[in-house]
Every structure is written in C-alpha cells, then in structure tokens.
Amino acid sequence: MAKAPQVITCKAAVCWGVGGPVKIEEVEVEPPRPSEIRVKMLCASICRTDILCINGFPTGLYPRVLGHEGVGVVESLGEEVKDLQVGDTVIPTTLGECGECGSCESGRTNFCQKYPIGATGLMPDGTSRFTVREGNKRTPAYQFLSCATWCEYMVVDANYAVKIDAGSIPPPQASIISCAFTSGYGATWKAAPVTVGSSVAVFGLGPVGLSAVQGARMHGAAKIIGVDKNERRRKIASELGVTHFINSEGLEKPVSEVVKELTDGKGVDACFECSGYAPFMNQAMKAVVQGKGKAVVLGAGKYDSIQLDFVDLLFGGSITGSIFGGVKIKSDLPHLLHKCQNKVS
C-alpha cells in the first residue's frame, strides 16, 4: 500500500505586508486534498503582477507566498484527480475550464463560472496549504492566485493545471507559457483576432507585449506599431516583428495621434495595451479604427478606476479586458502548446 503524502518543509519567497520586502522563508506545505496536486517546482518566472501583489493587488492579504508563472512535476495527488499522475510535468493556470457552465458553453469568454480566477489567496475550498513561521508562531499563509510558484513545492487544484510534454518544451519556456506568452500571443488569436494584412499597435513591450507582437506577426499583420518608453526595447521589438517603434517618453502629442499618423489617420485594427498604465488604456481605445477596431487591456495595474473619453466611446470606441489572452485551458491551450512545439502560427 502506498504511503500517504506527508507535510513537506521547504523554502519559499514570502511577502509579509504591503510594500514590504520579499524574504526567503521556511514553509510547511500540506499534502494535496481530493481534487488537488502537489507540485515540485522546476522553474518559475517573475511577472509584473507579482510585483503588484507585493503592493496589495488584487487584495492586501499577508503573509503571502508569491508567484503564478512556473512549471513543475506532480509529486503527489488527491484521490479524485483522474487526468494527471505522479511524475507528470504541469504548468499552473490562473483560471480553469469546466466546459459545462454558461460561460464555457457561450464560446465568447474563457472565464469559467465553476473554476474562476482565485483572487482570495486561498484554495477553492477557502483554506490554505501553506504555513510559515513568524518567530515561534506558525501562521497560515496566502498564495497569490490559484497557486504560488515561488516555492519549492506548492499545491494547486488539478482543474488549474495543464499537463505538458516535458521533452518538447524546455522548462524556462514552459514557465512563461503559464502566463506571459499565452496572455500576449493568445490575445492576438482569441481576444482580438489578428488577420492577414491588418494593422496592430502594442503598448508596452515587456514579455506580454512582445508575445503580442509575435502573435500579430505570425497571424500576418502588415503593420505592427510598438510603443514603449524604454528605447533599449526598440531592437528586440524590431527583431520580433515591430515595423514602427514609438518612444512614448517626452512625446509632445498623445500617443494615439502618433499611431493614427502612421495609419493614414484611420487608426489600427487592434490595439493591445500591455503596460498596465491607466492613461494608455484610454489612448488604446482612441488609437483603433472608429466603430471597427478593438482595444484589449492585458496589462495589470493597481487602479480603482480609469478615465475614458466619452465621445470616442459613444461614437463606436471599443475596449475590453482580457485574462490569459482569452485562451481556454482545456479547449485552447493544448493547441497553443502544439504551435510552440512545432513553431507554427
């Protein structure tokens, strides 16, 4: 008879309060419950959203074990888990897909009602699997979203994990597929599909933005306008597909006007806002073709609200938010993994 999984003591990156330092702490990780898996992490990435979490996004719950991008190997699993086995390589995701709820069946969103984004810092049953020592006191710790990848071991509900072929995708690349790459590339595929010959603008050329650039190029966009205040990103952006680069630092006119000047005054067919900078969200809406273009907000920011130009909105402006690029983890993510493995669009 197999021995039941035990509590594991290991190291994790923990934040103790809003704006506080991240410290490497000794934590205890409980065994997985019936629908969960415990994962030995192989690789983890740093996303800007993790930095926002340190500053209280989406809620100021601490102590918190950080990280939501990563790849690892299933170390143990609950008795209800049927699709995964010990030894499988998996990536965690921020939301799940039941395939049966109204949202999943609609074909219009990747937001699942049964397995939504885990913004509480706890497992779906409302409890924590982490305990961290605070002096002589043992304190339950929150995770970031559905998981906490900045830990040597973590527990995630199996409905928020996807098996991958470990031999086809190196761990560092697999790690960013769990968030950054999928969010950017996926948006050009699902949230605002880019077509051959279309025009695109990407605001913010970090990992998500550069992934959107690659997606736009691979889907045949004729004009890809990249916007960033960091001049050093011009070269890599051009190598990945940007045809026109706008340095937003010190512009004497709104960036949307510069985008329109590069598109004969019309605007772009799609604009992907990846910086999380609130004023750029309004500029993204203003930069698209009126009545036909679509602006998609991908970058996270710690804002309670943003301002939009009412007239532009009333006259057909379109702006929407997107998590994970609109990609569904069961219906779509395996196809994206196939694209990555075989280098096809």
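The table for this structure:
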quantity: Proportion of all alpha-carbon pairs of region 26-90 beyond 14 Å (%); calculated: 65
quantity: Rel. contact order, % - alpha carbon contacts under 8 angstrom, at least six apart, region 16-164; calculated: 32
quantity: CD proxy at 222 nm, helix term only [per DSSP H run n ≥ 4: -39500 (n - 2.57); per residue of the chain; nearest 500]; calculated: -6000 deg cm²/dmol
quantity: Cross-link partners of K302 among aspartates and glutamates (Cα-Cα below 19 Å; sequence separation of 8 or more within a chain); calculated: D50, E273
quantity: Mean shadow area of region 1-114, taken as a quarter of the surface of its Cα convex hull (nm²); calculated: 8.8
quantity: Among C147, C274, C112, residue whose mean-square fluctuation peaks in a GNM of the chain (springs only between Cα atoms under 10 Å); calculated: C112
quantity: Sequence-separation-based contact order of the chain, relative, with Cα cut under 8 Å and 6+ spacing, percent; calculated: 15
quantity: Span-like helix ranges in the chain, DSSP H, alpha carbon extent 15 angstrom or more, Kyte mean at least 0.0; calculated: 207-218
quantity: Against the rule of thumb 2.2 N^0.38 Å, how large the Cα Rg of region 85-151 comes out; calculated: 1.41
quantity: Accessible surface, per residue, of the chain when the full set of protein chains is kept, probe 1.4 Å, Å²; calculated: 46
quantity: Cβ-defined net charge surrounding A180, 12 Å radius [Lys, Arg +1; Asp, Glu -1]; calculated: -1
quantity: Of G167, G299, G96, the one that fluctuates the most in a GNM where the chain has Cα springs shorter than 10 Å; calculated: G167
quantity: Projected-area average for region 79-221 over all orientations - Cα convex hull basis, square nanometres; calculated: 11.6
quantity: Neighbour net charge for P334 - beta-carbon separation under 11 angstrom, K R +1, D E -1; calculated: +2
quantity: Accessible-area composition of the chain, carbon plus sulfur, in percent [1.4 Å probe]; calculated: 52
quantity: Rule-of-thumb Rg ratio for region 192-314 [Cα; 2.2 N^0.38 Å; N residues]; calculated: 0.95
quantity: Shape metrics for the chain, restricted to C-alpha atoms - Rg then Dmax, Å; calculated: 20.8, 72
quantity: Cα radius of gyration and Dmax for region 188-233 (Å); calculated: 10.2, 29
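The values are calculated or read from the model by the stated rules, or taken from the named source; none is laboratory data. This structure is a prediction, so every number in the text was calculated from the model and none was measured. With ideal geometry, Cβ positions are generated from the backbone for all residues, glycine too; neighbour counts draw on all protein chains shown. Ligands, DNA and RNA are stripped out before the accessible areas are found, and what is left, the full protein with its side chains, is counted by its heavy atoms. Shrake-Rupley method; radii C 1.70, N 1.55, O 1.52, S 1.80 Å.
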